[in-house]
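Below is one structure; the comments refer to it alone.
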């Protein structure tokens, strides 16, 4: 068996983590259905930190993609992808808006509440075709 050079071996786990998060295999652990308080908190955090780019109603804007796009269905971009995007930023890969920079000042619990809000709106509104 041919050995992979050390620099490349070190990148393989990072690439797997990034690709897994980007396409939904990394998840924020769910303990139960989100409470009304969590959804309210998530809506407020979304409005303050996400709506400027992703739209007030998740419909997107000139600065960022819609979370109602099928690429943001839970089976494609899992909840963990949101956490990684917020904490690390993400290069453009499903959109032409440029790279997303990390969002400072949000805890993992904040992102969990935001994701609960996003998922509840997605469930209510459905995905664009």
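Values quoted throughout were computed directly from the atomic coordinates according to the rules given, and no laboratory measurement underlies them. All of these numbers come straight from a predicted model, not from anything done at the bench. A quick note on method: Cβ atoms are made from the backbone with ideal geometry, for glycine too, and the neighbour counts reach across all protein chains shown.
Can you give me the P(r) profile for segment 74-129? Cα pairs, bins 10 angstrom wide beginning at 0, each as a whole percent.
Bin by bin from 0 Å, the calculated values are 22, 49, 29, 0.
For segment 27-125, what class follows from the C-alpha gyration tensor (a ≥ b ≥ c being the square roots of its eigenvalues): rounded when a/c is under 1.5, otherwise prolate if a/b is larger than b/c, else oblate?
Rounded, because the longest to shortest axis ratio a/c is under 1.5.
Quick check: Cα centre of segment 99-129 to Cα centre of segment 40-76, how many Å?
Answer, in whole Å: 6.
Extending each Cα 7 Å along its Cβ direction at residue 104 and residue 40, get the distance between those two points in nm, one decimal.
Those two pseudo-labels are separated by 3.0 nm.
Quick check: residue separation of residue 52 and residue 76 times 0.36 nm, minus the Cα distance between them. What number comes out in nm?
Working: separation 24, 0.36 × 24 = 8.64 nm, distance 2.34 nm.
Taking 0.36 nm per residue and subtracting the Cα distance, the gain is 6.3 nm.
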